[in-house]
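Peer 1: The following block contains the structure, expressed as structure tokens.
Only the coordinates and a few stated rules stand behind these numbers; no lab work does. These figures come from a predicted structure and were not determined experimentally. In this analysis, Cβ positions are derived from the backbone assuming ideal geometry, glycine residues included, and neighbour counts consider all displayed protein chains.
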Amino acid sequence: MNPIIEAQLKHRSIRKFTDQSVDDGLLVDLIQAAQGAASSSFIQAYSLVQVTDTENRSKIATLAGGQTWVEKAPTFLVICADLSRIEHCCVQEGMGELEGYAEHFLAASVDAALLAQNLMLGAESVGLGAVFIGGIRNDPQQVSDLLNLPDQVYPVFGLCLGWPDAEPDLKPRLPVDVILHKDTYDASRCATDVANYDEQMQAYYASRGSNQRNSTWSAQTAVAVQQKKREHLKDFLQSKGFLKC
Ligand SMILES: Cc1cc2nc3c(=O)[nH]c(=O)nc-3n(C[C@H](O)[C@H](O)[C@H](O)COP(=O)(O)O)c2cc1C
């Protein structure tokens, strides 16, 4: 094992932090390291907004469904997919504004997610704890207004950062042989794979240190995706210039 793989294997989302702040210099170093992530056509289509204003932080915590850790985390960043610089380049080079192609939306979203995961891993490697906050997509328009996000920029998810004040159990992931297919995708094993994993996760949910429950991964995820359709997203993204064609 090397330290990077150890940090990857130790990941758990942290939602409780000590009062100790995250040093500004450390944050800049971590962001710079995270920028080492690969970037589609090198567009670097991301921006981060650090929300230090306590009133805005509290509003965002409420919009995210009352997630107290958004308010209490020493550092909170909103990870944005940002094509505004690319649009500027296109206009400058005489090619006009972006048309809103799905491909560009996907490239920017992937860029932002790669940067964010690199940032989380780097943070965890120095002992910080973190959790992503997709809950900000409950009301992306209000979040965008609070942060003054221009067209061609949308908030993908938030990131709480701080020194951990909890050590939750590790959540067992799907076994590698479930997610790794050889040469072609084998759809025939889906039902068995899920049933086996459900058994493992049921034991995990029943025995973990906190928030114990009698449930399966199937039940949890089926409910989660039903609850989080966020039907406003398509219109919101189109209003920001994304996903028009
Ligand atoms: C894009 C994304 C959005 C997430 N949004 C939230 C969120 O709004 N609130 C939260 O508490 N956790 C959120 N999470 C954390 C997941 O719940 C967590 O990663 C998952 O349950 C696995 O647990 P672990 O990270 O502790 O291993 C999010 C994770 C991702 C990748």
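Peer 1: What pairs come out if I take residues in segment 131-157 that are within 12 Å of the ligand (Cβ to nearest atom) and pair them with residues that are polar (S, T, N, Q) whose C-beta lies under 8 Å away, six or more apart or interchain?
Peer 2: Filtered contacts from segment 131-157: Val131/Ser13; Phe132/Ser13; Ile133/Gln67; Gly135/Gln67; Pro155/Ser144; Val156/Ser109.
Peer 1: So, one more: Would a scan of segment 47-60 turn up a residue that is surrounded by 17 or more Cβ atoms within 10 Å (Cβ to Cβ) and on the phi > 0 side of the Ramachandran plot?
Peer 2: No, that holds for no residue.
Peer 1: Picking from Ala108, Ala102, Ala123, Ala64, which residue would you name as being closer than 20 Å to Leu30 by Cβ and of a type outside the set (Ser, Thr, Tyr)?
Peer 2: Going through Ala108, Ala102, Ala123, Ala64 in turn, just one is closer than 20 Å to Leu30 by Cβ and of a type outside the set (Ser, Thr, Tyr): Ala123.
Peer 1: Filtering segment 1-52 down to residues that are within 16 Å of the ligand (Cβ to nearest atom) and of a type in the set (Phe, Trp, Tyr), which residue is farthest from Gln152 (Cα to Cα)?
Peer 2: Among them, the one singled out is Phe17.
Peer 1: Also, quick follow-up: Select from segment 230-244 the residues that are touching a helix residue (DSSP H, G or I) at 6+ places or on another chain (Cβ under 6 Å) and not in a loop (DSSP other than H, G, I, E, B) and list them in ascending order.
Peer 2: Selection gives Phe236 alone.
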